[in-house]
Structure formats: structure tokens, C-alpha cells
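This report refers to the structure that appears directly beneath it.
The values are calculated or read from the model by the stated rules, or taken from the named source; none is laboratory data. All of these numbers come straight from a predicted model, not from anything done at the bench. Using ideal geometry, Cβ is built from the backbone for each residue, glycine included, and neighbour counts are taken over all protein chains shown.
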Amino acid sequence: MKKNIFTLGCILILSVLASCSSAQDESDKSKDVNGTGETESKEVSAPYKENGEKKETSIAEGTEIVIATVEKLKETVKKSPNDGAKINKFGDALQENWDIIEKQVRERYPEDYKNIEESLYPLINYAKKDTPDVKKIKPLIKATYDKLTVFKEKVSK
């Protein structure tokens, strides 16, 4: 009788552990966020050290991060133009990621800095509004993306 209870207990414990493990696996998988079969990619964010401090980033690496953030903002504006919260999130991320390299760019490449900021800061400001103006954001995304891409090529040489 004790063997049966012990065996039953082991089976019960193993089944609970197996179900917890499969539930964790399901939560680790990407989620289909809008029913299109596409998966949501992780948010583009600034590089951090393990202790949470921002780590030093080269201008080329930082520019690549900012470009990726602009691309995510573009996707969000295209797929969810009425979702102000999502647009705001990428406006905030864009500002945060630019801030990492802004001082370096301003000091080493003052002309490029001025050129990029002519479209970048209006883009950030429109994206962070409570009700983002998508009609104004779209051309700023293109202008900012183009300027950053040219700048990245320049600094990557």
C-alpha cells in the first residue's frame, strides 16, 4: 500500500512539473500579436551592462540602434496608426537611444549632427504626443532614416 501511494505521489509530482515546464515553453515563444501570423519582435533598446548602467557605445553601433528604432516606429505607424501608446513607446525609445550617442556626434560631426536633428527632434516630438499626428510623422521617419543611413555609412568607414 505504501508503495502505491509513493508511486502515485511521484507520478503526481512529475505531471505537475511537466505541466509547469510546458507552460513556461509556451510563454517563451513569440506571440502572434495581430492575428496575421507575424510575431512581435523585441523592443529595440539601448545597450546596458549587467548592473543596469548604460555601456559605452561607438557612434556606428549607436547609429545602428537608432536606425533600428526608426524602423520599428515606421512599422508601428504603418500597422497601428491609431495606437498612440505604441507610437509613444517608440518615440521614447528613439529619444533614449539617440541620447546615448548625441554628445559624441555633436562633438565629432557637428554638421551631420545639425542635419540629423532637423528631422529627428520633430519626429520624436510628434511621436510622443498624446495623439500622434501620423501624417506629420511619416515624412519625418523617411527623412530621419535617410540621414541616419548616410551618416552610418560615413562613420563606419
Looking at the structure I just gave you, is Asp146 modelled with pLDDT under 95 and either surrounded by fewer than 15 Cβ atoms within 10 Å (Cβ to Cβ) or touching a Gly at 6+ places or on another chain (Cβ under 6 Å) (or both)?
no
Members of the range 126-135 that are assigned to a helix (DSSP H, G or I), touching a residue at least 12 places away in the same chain (Cβ under 8 Å) and not small (Gly, Ala, Ser):
Tyr126, Val134
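Does Lys86 satisfy being farther than 27 Å from Ala60 by Cβ, surrounded by 15 or more Cβ atoms within 10 Å (Cβ to Cβ) and at pLDDT 95 or above?
yes
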Expected single match for in contact with a Lys or Arg (Cβ under 8 Å, 6 or more places away or on another chain), modelled with pLDDT under 95 and crowded, with 16+ Cβ neighbours inside 10 Å among Val44, Val77 is Val44
With respect to Ile137, determine if the residue is over 17 Å from Ile65 (Cβ atoms), crowded, with 19+ Cβ neighbours inside 10 Å and at pLDDT 95 or above.
yes
The lone condition Ser119 fails out of (1) over 23 Å from Lys152 (Cα atoms); (2) in a helix (DSSP H, G or I); (3) touching a residue at least 24 places away in the same chain (Cβ under 8 Å) is (1)
Take the residues in the range 56-73 that are of a type in the set (Ser, Thr, Tyr) and crowded, with 17+ Cβ neighbours inside 10 Å; name whichever of them is nearest to Phe90 (Cα to Cα).
Thr69
